[in-house]
1. Which lysines have a Cα less than 18 Å from the Cα of LYS131, not counting those fewer than 8 places away in the same chain?
2. Rank VAL23, ILE35, VAL149 by how far each Cα sits towards the positive end of the charge dipole of the chain (+1 on Lys, Arg Cβ; -1 on Asp, Glu Cβ) and give me just the farthest.
3. What FRET efficiency, computed as 1/(1 + (r/R0)^6) with R0 = 25 Å and r the Cβ-Cβ distance, is obtained for VAL213 and GLU16, rounded to the nearest 0.05?
4. What do you get for chymotrypsin sites (Phe, Trp or Tyr not before Pro) in segment 54-147 restricted to DSSP loop and a cutoff of at most 10 other Cβ within 10 Å of the site's Cβ?
5. Any idea of the accessible area per residue across segment 1-147, 1.4 Å probe, to the nearest Å²?
6. Any idea what the dipole of the chain comes to, in debye rounded to 20, about its Cα centre with Lys/Arg Cβ at +1 and Asp/Glu Cβ at -1?
7. Express in % the proportion of alpha carbon pairs of segment 1-88 at distances exceeding 20 Å.
8. If I build a Gaussian network model for the chain, linking alpha-carbon pairs within less than 10 angstrom, which residue out of ILE48, ILE81, ILE94 has the largest mean-square fluctuation?
Amino acid sequence: MIDDDKKAAAVAAVAEVRDGMLVGLGTGSTAAFAIQALGERVAAGLDIRAVVTSDASGKLARDVGIDVLDFATIAFVDLTIDGADEIDSRCFAIKGAGGAMLREKIVAASSARMVVIADGSKQVERIGAAKLPVEVLPFAIAYVMHVLVEMGAASTIRDNYRTDQGNLVVDCHFAALEDPRATAATLSAIPGILGHGLFLDEVDAAYIATNGVVTRLERTGASD
């Protein structure tokens, strides 16, 4: 049922894509449903190009017939579609379970619009229960872990994992994430941390599916 909801949310989001768009494609199991749905529309004649946030998403996109460009040559994206680990009514999200949050944030920042797709289990009253992934330069790992402990975060280096950039991921859990903006600012200021999974300004809307019913949540409110 969860996979059905992920697919329903993905199909609803992909309906926003129009001919001529440059589309950003996220990473993870839910984003994969969007890539597959977009591939079906391309096969039916939709004319679009895409950039991707991970090697895995790039392979899948090419496999389903989507023309993938090198993001290093791109400054502006029309629409990005991605998943989330948590999202609340403010369109604040935690992302990065798939380890691609740095590239995802860069692509999101370049986008005119970003939409998140999720099954209903990812919708929460306030973000903070999910682990917050942090991408760390390997050279700085001991120092960063020390600072995270001082911040009060229970932190674990993700086992046997490197990002597509070759960096480490530390999964953090804060007892309370009462001020996400302050936490985001503190993390961003720590030397050695290259990115984190707090998406506080990037998400414009979310398509959330529960038992087959898709609700669109806009940053200014929700509508069915």
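1. Hits, sequence-local ones excluded: LYS95, LYS105, LYS122.
2. VAL149
3. Step by step, r from the Cβ atoms, then E = 0.85.
4. Passing both the DSSP loop test and the Cβ count: PHE76.
5. The answer is 42 Å² per residue.
6. I would put it at about 200 debye.
7. Taking all Cα-Cα pairs of segment 1-88, the fraction more than 20 Å apart is 26 percent.
8. ILE48
The values are calculated or read from the model by the stated rules, or taken from the named source; none is laboratory data. Being a predicted model, the structure only gives us computed values, none of them experimental. With ideal geometry, Cβ positions are generated from the backbone for all residues, glycine too; neighbour counts draw on all protein chains shown. Remember, those area values only see protein heavy atoms, side chains included, never the ligands or the DNA or RNA. Shrake-Rupley method; radii C 1.70, N 1.55, O 1.52, S 1.80 Å.
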